[in-house]
1. Considering the options 44, 33, 5, tell which one lies farthest towards the positive end of the dipole of the chain, charges being +1 on Lys and Arg and -1 on Asp and Glu at the Cβ, about the Cα centre.
2. Would you work out the relative contact order for the chain, in percent, from Cα pairs under 8 angstrom that are 6 or more residues apart?
3. Would you give the gap between the C-alpha center of segment 6-22 and the C-alpha center of segment 41-62, rounded to a whole Å?
4. Rounded to the nearest 20 Debye, what is the dipole magnitude of the chain about its Cα centre when Lys and Arg each give +1 and Asp and Glu each give -1 at the C-beta?
5. Sorted by packing (mean other beta-carbon atoms within 10 Å per residue), highest first, where do 28-35, 10-17 land?
6. When you have a sec, figure out the Kirkwood radius of the chain from all distinct Cα pair distances and drop it here in Å to one decimal?
7. Round to the nearest 10 and give me the degree value, 0 to 90, for the angle of helix 8-27's Cα axis relative to the longest principal axis of the chain.
8. From largest accessible area down, sort 1, 60; use a 1.4 Å probe on the protein chains.
Amino acid sequence: MFKINEGSADRAIRVVAGLVLLALFFLYPDASWRYWTLIGVVPLATGLIGWCPIYSVLGMSTCPVKRA
């Protein structure tokens, strides 16, 4: 359905960034800014799936080219 357009390093960085942001949501329950950290769901999801919609729109890819 979706063509993978993220390389392994890009995916790892996205997953780590998403987890850090979501961890901040749970670590600071009284902070007024904590709901902004829920944006961490986006990099986490794109990192796990391996497909970024913004990369698709821009025609970018960090996935290495497979040679035939």
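The values are calculated or read from the model by the stated rules, or taken from the named source; none is laboratory data. Just so we're clear, the structure is a prediction, and the values are computed from it rather than from any experiment. Cβ: placed from backbone, ideal geometry, glycine included. Neighbour counts: every protein chain shown. Heads up: the accessible areas ignore ligands, DNA and RNA and are worked out on the full protein's heavy atoms, side chains in. Shrake-Rupley method; radii C 1.70, N 1.55, O 1.52, S 1.80 Å.
1. 5
2. Numbers: 74 pairs, mean separation 33.7, N = 68.
After rounding, I find 50 percent.
3. What the calculation gives is 11 Å, centre to centre.
4. Values: 6 positive and 3 negative charges, 64 e Å.
With only Lys, Arg, Asp and Glu charged at Cβ, the dipole is about 300 debye.
5. Values: 28-35: 9.4, 10-17: 16.5.
The peptides rank, most packed first, as 10-17, 28-35.
6. Numbers: mean 1/r = 0.0772 Å⁻¹.
Evaluated on the chain, it is 12.9 Å.
7. Between helix and principal axis, roughly 10 degrees.
8. Values: 1 210, 60 90 Å².
The ordering from most to least exposed comes out as 1, 60.
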